[in-house]
Amino acid sequence: VFESVITWVKHDSKSRECILPRLMEHVRLALTSNDYIKKKVAKDTLIKNCLECKRYVFEALKTLKGEELIPQSIRNRPRHGDKVILVVGGIQTGLSKTLEYFDPMTEKWHFGPELFTNHRRHSLVVIKDNLVFDVGGYEIGLSPFRCVHMLDITENPPHWQLTDDLLVERQFLGVGVINDNIYA
């Protein structure tokens, strides 16, 4: 994360350097190694020239040495997801309609409702932590899909339902979400 922040800031340093401290506040330096901080972080020119960023470096080094116990903050708290990991298709040969999910809290795999069709080259995206969208794709012998299916995991039992179609057929697509809107 540190390297991504630095690369992004250096891409347009004149306008971005001023927000470096706000970005570095969210980098978990104390969860890296003492060696990494000294060799990579502390030697970076942007960090050297920013008083607030240097404070984050010193704070992380002291925390790693056990000299300072800082209050729980985003900089020293590891990420522990309480969400599940969805997998569509599995490792079967050929096409598969399976939906499986891994629960990191129980460390167990579970089966979910099957998709409508055996398709590939589609993408999944999640909105509001409970709505899973299966977007586009392709089935052998057919043209690419325009369809979008939705799974509300709070329903009992959860099931896939058809929603509004894409404007054009899509396969091999990437999808993302901004403000609960899906972009493909």
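Every read-out reported here was derived from the displayed coordinates using simple, explicitly stated rules and does not represent laboratory data. What you are looking at is a predicted structure, and each value in this text was computed from that prediction instead of being measured. Here the Cβ is made from the backbone with ideal geometry for all residues, glycine too, and neighbour counts use every protein chain on show.
Take the Cβ-Cβ distance between residue 118 and residue 1 as r, set R0 to 35 Å, and report the resulting FRET efficiency rounded to the nearest 0.05. Efficiency at R0 = 35 Å is approximately 0.40.
In the structure displayed, which of 10/62; 54/128; 108/128 lie more than 30 Å apart, Cα to Cα? Beyond 30 Å: 54/128.
Charges on Cβ only, +1 for Lys and Arg, -1 for Asp and Glu, centred on the Cα centroid of the stretch 85-183; of 151, 141, 106, which one is farthest towards the dipole's positive end? Going by the charge dipole, the pick is 141.
The gain in end-to-end length when the residue 34 to residue 161 segment is fully stretched comes to 40.7 nm, 0.36 nm per residue minus the alpha carbon separation. Think of it this way: in the chain, 18, 147 stand alone, with no other Cys Cβ under 4.7 Å.
Available extension along the chain between residue 62 and residue 168 is 32.7 nm, counting 0.36 nm per residue and deducting the alpha carbon span. Using the Cβ of residue 96 as centre and a radius below 11 Å, the other residues enclosed give a net charge of 0, where K and R count +1 and D and E count -1.
Each residue of the stretch 22-37 was assigned a 3J(HN,Hα) from its phi angle through the Karplus expression (A = 6.51, B = -1.76, C = 1.60, θ = phi - 60°), giving 5, 6, 5, 4, 9, 8, 8, 4, 5, 9, 9, 9, 4, 4, 4, 4 Hz with x at Gly and Pro.
Using the average count of surrounding beta-carbon atoms within 10 Å as a protection proxy, the listed peptides 167-174, 11-18, 131-138, 23-30 rank, highest first, as 131-138, 23-30, 167-174, 11-18.
Phi-derived couplings, Karplus 6.51 cos²θ - 1.76 cosθ + 1.60 at θ = phi - 60°, listed residue by residue for the stretch 38-50: 5, 7, 10, 6, 5, 8, 6, 4, 4, 5, 4, 8, 10 Hz, with x used for Gly and Pro.
The smallest convex shape that holds all Cα atoms of the stretch 2-65, its convex hull, gives 69 Å³ per residue. With the convex hull drawn over the C-alpha atoms of the chain, the volume per residue is 186 Å³.
Couplings 3J(HN,Hα) of the stretch 161-175, computed from phi: 9, 6, 10, 4, 6, 5, 6, 9, 5, 9, 9, 6, 9, x, 10 Hz, in residue order, whole Hz [Karplus 6.51 cos²θ - 1.76 cosθ + 1.60, θ = phi - 60°; x for Gly and Pro]. Axis of helix 51-65 versus longest Cα principal axis of the chain: the two differ by about 80°, to the nearest ten degrees.
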